[in-house]
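First up is the structure itself, then whatever we jot down about it.
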Amino acid sequence: MKTVVFHYSGTGNSLWSARVLAAKLDGAALRPLKGADVLAAGGADAVGFVFPVHMWGVPGPVKEFVERLALRPETYIFALAVNAGQVARTLIQLGEILAQRGLTLAAGYDIVLPSNYIPWGGPGPLEKRQARIEAARAKIAAAAEVIAAGERGPVEAGPWWQRLVFTALYRLSYNQVPRMDKDFWCDERCDSCGVCARVCPAANIELKKGRPEWRHHCEQCLACIQWCPREAIQFGKKTPATERYHHPEITLNDMLP
Ligand SMILES: Cc1cc2nc3c(=O)[nH]c(=O)nc-3n(C[C@H](O)[C@H](O)[C@H](O)COP(=O)(O)O)c2cc1C
């Protein structure tokens with residue numbers, strides 16, 4: 001069986017999850033979803049999407065990719081929605097996007113890892129983060145058995161109140177995302193290294209006089225703030241005092257295109 005796993009990731013949690021999964025699926029190819037063309041699945045028998053939950057739903061770039069990727073009706077499709085504890089309706093939404101094309105989400109798993117949403121705080125205590133990583137590793141291994149067998153699995157979702165309240169918030173926020181970069185700023189620690197511009201999957205950052213400027217087509221993945229080697233990038237007021245996060249087994253080099 002030819003399997004392709006597409007991934008999208010701001011701080012490495014989804015990339016790590018995709019790697020753990022692909023390693024358990026014999027000969028699966030891993031591909032970044034950004035920049036992949038419509039034929040990138042190359043007629044694979046099984047196709048997976050591994051991505052972070054953003055604002056209780058499917059991030060815009062993932063939605064657009066799933067809507068245009070060439071897939072056959074019989075393709076076995078699976079997904080991991082990587083999140084910080086509130087998957088809400090994300091995988092149901094992905095199933096609906098596929099269903100509009102006559103395709104089926106055969107299995108969708110809720111994978112909880114440390115939070116990278118720095119505007120709301122840091123990633124939490126180290127032991128708790130490590131516990132989440134180990135639980136995720138075990139859950140992905142169990143999911144891989146279902147996926148490798150080509151079986152129907154669950155399409156996991158959060159409790160009813162998450163699905164109700166947060167789905168409304170997702171709909172309200174979705175179109176605002178590109179301009180949410182107006183709250184980024186950069187402090188005096190910036191040494192013009194340009195990592196922010198290189199790691200941005202949306203090519204949304206330009207260096208002007210050596211300082212980053214955000215161009216309002218942001219995807220809110222938070223790669224710029226989380227990967228800045230000097231912690232010079234800030235978002236709003238709280239981040240100067242907040243710990244940065246990226247997955248401990250993923251390096252900046254892994255993230256660069
Ligand atoms: C803009 C944004 C919105 C987020 N919204 C949610 C959310 O609705 N529910 C949740 O559990 N986690 C949310 N998170 C946290 C991420 O989904 C989580 O940390 C994920 O593991 C990050 O994966 P990545 O490192 O592959 O980008 C959000 C993160 C960002 C940047």
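The values are calculated or read from the model by the stated rules, or taken from the named source; none is laboratory data. These figures come from a predicted structure and were not determined experimentally. Note that we place each Cβ from the backbone using ideal geometry, even for glycine, and neighbour counts take in every protein chain shown.
Scanning segment 55-113 for residues that are assigned to a helix (DSSP H, G or I) and either aliphatic (A, V, I, L, M) or buried (at least 24 other Cβ atoms within 10 Å of the Cβ) (or both) turns up V62, V66, T90, L91, I92, L94, I97, L98, A99.
From the list V53, V66, V20, V38, the lone residue that is in contact with a helix residue (DSSP H, G or I) (Cβ under 6 Å, 6 or more places away or on another chain) and over 26 Å from P114 (Cα atoms) is V38. May I ask you to verify whether Q162 is outside the structural domain of A88 (by TED's automatic domain parsing) and more than 30 Å from M1 (Cβ to Cβ)? Spelling it out, it is not the case that Q162 is outside the structural domain of A88 (by TED's automatic domain parsing) and more than 30 Å from M1 (Cβ to Cβ).
Among the residues of segment 43-54, those identified as at pLDDT 95 or above, away from the ligand (no atom under 16 Å from the Cβ) and either surrounded by fewer than 18 Cβ atoms within 10 Å (Cβ to Cβ) or within 23 Å of V87 (Cα to Cα) (or both) are D45, V47. Whenever a residue of segment 39-55 is in the same structural domain as A148 (by TED's automatic domain parsing) and among the acidic types (D, E), its partners that are surrounded by fewer than 24 Cβ atoms within 10 Å (Cβ to Cβ) and not in a loop (DSSP other than H, G, I, E, B), lying with C-beta atoms within less than 8 angstrom and at least six residues away or across chains, give the pairs D45/T3; D45/Y76. Each residue in segment 155-173 was checked for being more than 18 Å from P52 (Cα to Cα) and not aromatic (F, W, Y), and 5 pass.
Candidates D254, D191: the one that is within 12 Å of the ligand (Cβ to nearest atom), touching a residue at least 40 places away in the same chain (Cβ under 8 Å) and not basic (K, R) is D254. Going by the conditions given, is V4 buried (at least 24 other Cβ atoms within 10 Å of the Cβ) and closer than 20 Å to V146 by Cβ? Answer is no for this residue. Only residues that are in contact with a Gly (Cβ under 6 Å, 6 or more places away or on another chain) and within 13 Å of the ligand (Cβ to nearest atom) were counted in segment 104-113, giving 1.
Could you look through segment 194-214, keep only residues that are in a loop (DSSP other than H, G, I, E, B) and either at positive phi or exposed (fewer than 14 other Cβ atoms within 10 Å of the Cβ) (or both), and pick out the one that is nearest to the ligand (Cβ to nearest atom)? The qualifying residue nearest to the ligand (Cβ to nearest atom) is A203. Would you confirm, using the coordinates I've provided, whether V20 is within 8 Å of the ligand (Cβ to nearest atom) and in contact (Cβ under 8 Å) with a residue 12 or more places away in the chain? For V20, the condition - within 8 Å of the ligand (Cβ to nearest atom) and in contact (Cβ under 8 Å) with a residue 12 or more places away in the chain - is not met.
Here C228 fulfils each of the conditions (1) away from the ligand (no atom under 16 Å from the Cβ); (2) touching a residue at least 24 places away in the same chain (Cβ under 8 Å); (3) of a type outside the set (A, V, I, L, M) apart from (1). Scanning segment 114-140 for residues that are of a type in the set (A, V, I, L, M, F, W, C) and within 11 Å of the ligand (Cβ to nearest atom) yields I118, W120, I133, A136. Within segment 77-94, residues that are in the same structural domain as V62 (by TED's automatic domain parsing) reach partners that are of a type in the set (K, R) with beta carbons closer than 6 Å, at six or more positions or on different chains, in the pairs A88/R163; R89/R163.
Against the test of being modelled with pLDDT of 95 or more, within 15 Å of the ligand (Cβ to nearest atom) and of a type in the set (G, A, S), the options G85, G95 yield a single qualifying residue, G85. Of everything listed in (1) farther than 25 Å from H7 by Cα; (2) in contact with a Lys or Arg (Cβ under 8 Å, 6 or more places away or on another chain); (3) crowded, with 17+ Cβ neighbours inside 10 Å, the single unmet condition for Q226 is (1).
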